[in-house]
Amino acid sequence: MNTESAAGDVGHAQRASITVGDVTVTVCEATVRAGTRRSRLRSEAFQEQDADRRALLLEYADLVPVTLNVEGAQWPLTVEQFADLSETLALKWEKAVYALNPHWYAPASDDEKKGVTATPSTES
């Protein structure tokens, strides 16, 4: 199945494809839309109490928003379908995403781990 993502119009953004077995995944450099979606998904993930599920949701949040195309597998993927993918595929997918979006590859801050998000100051 071949379905476009919600990454938005990526225009001339850099892209990369990885293939594992019969599955090919194409990812791109993040757009503002993709970054916003990633932030929302990560915020939701930090609300999860189960550590294993939280880790899964965080990985999903980093990969799915910049995925343009998947061939040879169900797409779009639910979190549960994502969890059943080959780990080899997920690791290569992750590597491609972080190569194009190195600013996404950073340890979570203590506030982010607690689910605290920054709010803009209203003072002038």
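Descriptive notes on the structure:
- For segment 1-29, the candidate set comprises residues that are assigned to a loop (DSSP other than H, G, I, E, B), among the charged types (D, E, K, R) and at pLDDT 95 or above; within that set, the residue that is farthest from the chain's Cα centre (by Cα) is ASP22.
- Among the residues of segment 24-68, the ones that are of a type outside the set (Gly, Ala, Ser), in contact with a Ser or Thr (Cβ under 8 Å, 6 or more places away or on another chain) and surrounded by fewer than 17 Cβ atoms within 10 Å (Cβ to Cβ) come to 1 in all.
- Counting only helices (runs of 4 or more DSSP H) that sit wholly inside segment 30-105, those with at least 2 residues that are among the aromatic types (Phe, Trp, Tyr) are 87-100.
- All of GLU87, GLU59 fail the test of being of a type outside the set (Gly, Ala, Ser) and closer than 16 Å to ASP22 by Cα, apart from GLU87.
- Within segment 26-52, residues that are under 19 Å from GLU94 (Cα atoms) reach partners that are of a type in the set (Val, Ile, Thr) and modelled with pLDDT of 95 or more with beta carbons closer than 7 Å, at six or more positions or on different chains, in the pairs VAL27/VAL66; VAL27/THR67; VAL27/VAL97; CYS28/VAL66; ALA30/VAL66; ALA34/VAL66.
The values are calculated or read from the model by the stated rules, or taken from the named source; none is laboratory data. Remember, it's a predicted structure, so these values are computed and weren't measured experimentally. Here Cβ is always computed from backbone atoms with ideal geometry, including for glycine, and neighbour counts include all displayed protein chains.
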